[in-house]
Every structure is written in structure tokens, then in C-alpha cells.
Amino acid sequence: MNVFIMVFGGNNFFAKLPNQIRNASAFSVEVINDLDRAVSQIQIAPPDVILVQGSLDGSMELCHWLKEQTQLSWIYCLLLEDRPQALALRNQYGKAWELEMTSCALQEGADAYIWYVETSQEESLQEENPQDRLLLAHLSVGLRKAQKYRDLVKTNDFLSTIAWADSLTGLQNRRYLDWYLPEQIQQARSHETPLSLIILDVDHFKKVNDTYGHLVGDRVLQLLSKRLRHNLRFQDTPFRYGGEEFVIVLPNTTIDEALTVARRLNRIVSEELFVINNGLSMNVTISLGTSCLKPEDDGQGMSLLNRADKHLLKAKATGRNCIIGCSSSTNTIYHPSLRQAVGSQSS
């Protein structure tokens with residue numbers, strides 16, 4: 001675990017901290033004595049633990065600000081009380097005043113409040129005085145909390161990967177598409193860039209399952225997914241939409257560019273046999289429908305998907321192994337045997 005500790009305090013304060021903090025090779029420590037700079041640093045690279053010098057201007061403000069940052073709630077904040085006047089009041093009013101001060105500090109946002117005042121001559125001669133032992137104990141608590149947070153993030157990332165991945169093909173699944181497509185639509189409209197989409201499925205896939213069994217059908221889908229992944233551009237994202245149907249989202253892509261991508265995929269799938277095992281290879285073809293985002297489309301992408309799906313159905317009805325999509329001014333049908341696109345006026 002790479003530990004990062006921020007000390008919000010002056011150099012004299014830092015020099016009084018235990019040697020285990022100042023010179024530990026396992027820690028990365030940064031000393032900051034300016035509130036604005038500390039806030040900026042926390043936002044850029046959040047520390048695991050913050051040690052706050054109580055007498056430094058902005059100490060309580062920093063604790064309070066940190067408490068309001070819910071996304072940074074895992075940071076362990078220790079407020080170290082070193083104000084001489086606070087010590088004088090504690091000596092005057094005793095335990096009741098100390099408890100009141102502790103309550104105030106915790107309410108302001110500190111996770112722990114430690115009296116860190118000048119030690120007596122007898123305590124300074126000890127290898128580790130009581131207040132240093134308490135500080136190091138709280139530091140251990142903070143580091144355990146940080147480690148649990150990191151473990152939780154890893155677990156959540158792993159669970160998200162499982163939840164959003166199709167177990168058979170390894171592509172993103174429909175659940176992830178339901179989140180991803182609206183995000184891409186919003187970005188396209190914000191940046192005024194085009195967004196296109198391809199829906200495709202395997203021709204005569206039921207016949208493959210009926211003839212060879214579902215395990216062979218599954219293998220066909222796995223091999224198809226591999227070809228899709230390896231032959232798309234960096235920005236394009238393929239999804240398994242359901243059964244033998246796939247969706248490809250193409251950001252910053254016009255409809256004519258989407259048709260070019262679709263033609264390449266159609267050719268790559270049909271021109272090379274799918275090798276299922278040593279004794280079985282087969283020809284596989286796909287039909288594809290394309291669409292491009294329009295101003296009147298809804299923000300969830302339902303109309304965009306529906307338009308591409310209608311083009312896919314037309315491709316299947318036209319004879320399969322072809323692409324249908326609207327180019328700039330026409331409905332375009334592309335079939336590999338024609339080696340060119342055939343246009344008809346859009347209705």
C-alpha cells in the first residue's frame with residue numbers, strides 16, 4: 001500500500017512529530033501550511049491521512065471543508081491541538097473542558113482530536129511519549145480505513161465489470177449500453193459532433209443451433225465477437241444486445257463513415273471461414289443496419305436504436321449478408337456480391 005500523508009502545519013510543528021512519521025520510508029509525506037494550496041492538493045491527489053495543526057490559520061476551516069466532501073469521506077483527518085491558550089483552559093477547567101473541545105472538533109469534521117502540546121522534560125526523555133503513542137495509534141486506524149476503502153473500490157470495480165460484461169462473448173452487455181448510449185448522445189450534442197450506430201446479427205443463426213447444437217452456436221458468437229473487437233476503431237464500442245444481435249456505438253462518426261465501418265465488418269466476417277474445431281469450419285455472414293443521431297431523437301437513444309433496427313430488418317428481408325442505412329440523401333443497400341452501394345431515394 002503506497003501511503004500518502006498530508007501535514008497541514010508549519011515546519012516547526014512537523015519537526016515535533018514522531019520519527020516514525022517524519023522519516024518512514026513507507027510513507028509519502030507532504031507538508032503544506034496554506035489552506036488554498038491544501039484544498040487544491042487534496043482535490044488533485046487525495047491523501048490517506050491528514051494531520052492538522054490546530055494553531056495554524058485555516059485548521060478548522062480545512063476540517064469543515066473536508067467533512068462536506070462526501071466523495072472524500074474515506075480520508076482520515078486528525079486535528080492535533082497545540083494552542084497554548086487551549087492548554088491553559090484545559091488546566092483551568094479540567095476534564096469537562098477537554099471533552100467539550102473534543103466534541104467541538106469532531107462536529108467540525110475531524111475524525112480524531114489529540115492534545116499535542118509541549119511535553120515535559122521527563123516525557124521528552126522517553127523514547128516514545130504518551131501523546132506520540134496515541135498519535136501513531138490513530139494513524140494506524142486511518143491507514144486501516146484507507147486500505148479498506150481501496151479494497152472496496154477494487155471489489156466494486158470487479159463487480160461492475162461482471163455486471164456490465166457479457167459472460168459468453170466478453171463484450172459489454174445491454175445493461176451497460178443502456179447507460180453508455182445516453183452518455184454518448186449527451187456528449188455528441190454538447191460538442192456538436194456526429195454519433196452513429198450499427199446493429200447487426202448472424203444470418204440463419206437458428207439453423208446453426210438446430211444443426212450443430214447450442215455449444216457450436218455459442219462458439220460462433222465468441223469468434224464473431226473477437227473479429228468485431230479486432231476490427232473496430234479505437235473509439236468504437238461493441239455490445240452484445242441479445243442472442244445473436246450486436247450493437248456498435250460509433251462516436252464522432254457520420255452516417256457515411258458508419259456505412260464504411262459496416263462494409264468492412266461485413267467483408268471481414270464473410271470472407272474467412274469460422275473454425276469451430278479441428279473437424280468443423282463454416283461460412284458465417286451478418287446483416288447490418290445503421291443510423292445516425294438526429295436533432296429530434298430522444299436522449300436515451302431509443303429512436304436511434306429503432307431506426308437502425310428497422311434497417312437491419314430490411315437487410316434481412318432483402319436477402320441477408322448486406323447493409324442498409326441512410327446516407328446523406330438516399331437509402332443505401334450494400335451487398336458484397338455487388339461490390340458497390342445501390343441507392344434509392346429516401347422516403
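Among the residues of segment 17-56, those identified as among the charged types (D, E, K, R) and at pLDDT 90 or above are Glu30, Asp34, Asp36, Arg37, Asp48. Counting only residues that are free of Cβ contacts under 8 Å to residues at least 24 places away in the same chain and touching a strand residue (DSSP E or B) at 6+ places or on another chain (Cβ under 7 Å), which one in segment 158-190 is least open to solvent (accessible area, probe 1.4 Å)? Among those that are free of Cβ contacts under 8 Å to residues at least 24 places away in the same chain and touching a strand residue (DSSP E or B) at 6+ places or on another chain (Cβ under 7 Å), it is Ala165. Cβ-Cβ distances below 9 Å connect no pair with a first residue in segment 92-113 that is in contact (Cβ under 8 Å) with a residue 40 or more places away in the chain and polar (S, T, N, Q), a second residue that is assigned to a helix (DSSP H, G or I) and open to solvent by 40 Å² or more (accessible area, probe 1.4 Å), and a separation of six or more residues or different chains. Please go through segment 180-203 and pick out each residue that is within 25 Å of Ile268 (Cβ to Cβ), within 27 Å of the chain's Cα centre (by Cα) and either in a loop (DSSP other than H, G, I, E, B) or of a type in the set (D, E, K, R) (or both). Pro194, the sole residue that qualifies. Entry remark, segment 35-82: residues being open to solvent by 30 Å² or more (accessible area, probe 1.4 Å) and on the phi > 0 side of the Ramachandran plot number 0 in total.
For residues that are open to solvent by less than 40 Å² (accessible area, probe 1.4 Å) and either touching a Gly at 6+ places or on another chain (Cβ under 7 Å) or without any contact (Cβ under 8 Å) to a residue 24 or more places away in the chain (or both), tally how many sit in segment 1-34. The total comes to 1. Taking segment 246-285 as the range and being without any contact (Cβ under 8 Å) to a residue 60 or more places away in the chain, closer than 28 Å to Thr211 by Cα and buried (at least 16 other Cβ atoms within 10 Å of the Cβ) as the test, the residues that pass are Val269, Phe274. What number of residues within segment 289-304 are under 17 Å from Gln184 (Cα atoms) and buried (at least 21 other Cβ atoms within 10 Å of the Cβ)? Residues that pass the stated criteria total 6.
Counting only strands (runs of 3 or more DSSP E) that fall entirely inside segment 21-115 and contain at least 3 residues that are of a type outside the set (Ser, Thr, Tyr) and within 24 Å of Arg150 (Cα to Cα), the qualifying elements are 27-32, 49-53, 76-81. Annotation for segment 101-118: at least one member residue is modelled with pLDDT under 85, within 22 Å of Arg22 (Cβ to Cβ) and either open to solvent by 30 Å² or more (accessible area, probe 1.4 Å) or more than 37 Å from the chain's Cα centre (by Cα) (or both). Scanning segment 191-225 for residues that are on the phi > 0 side of the Ramachandran plot and open to solvent by 30 Å² or more (accessible area, probe 1.4 Å) yields Glu192, His204. Taken over segment 204-251, the criterion of being farther than 20 Å from Tyr176 by Cβ and either part of a loop (DSSP other than H, G, I, E, B) or among the polar types (S, T, N, Q) (or both) is satisfied by His204, Asn209, Thr211, Gly213, Asn231.
The values are calculated or read from the model by the stated rules, or taken from the named source; none is laboratory data. What you see is a predicted model, and the numbers here were worked out from it, not measured in a lab. FYI the Cβ positions are ideal-geometry reconstructions off the backbone, even for glycines, and counts take in every protein chain you see. Heads up: the accessible areas ignore ligands, DNA and RNA and are worked out on the full protein's heavy atoms, side chains in. Shrake-Rupley method; radii C 1.70, N 1.55, O 1.52, S 1.80 Å.
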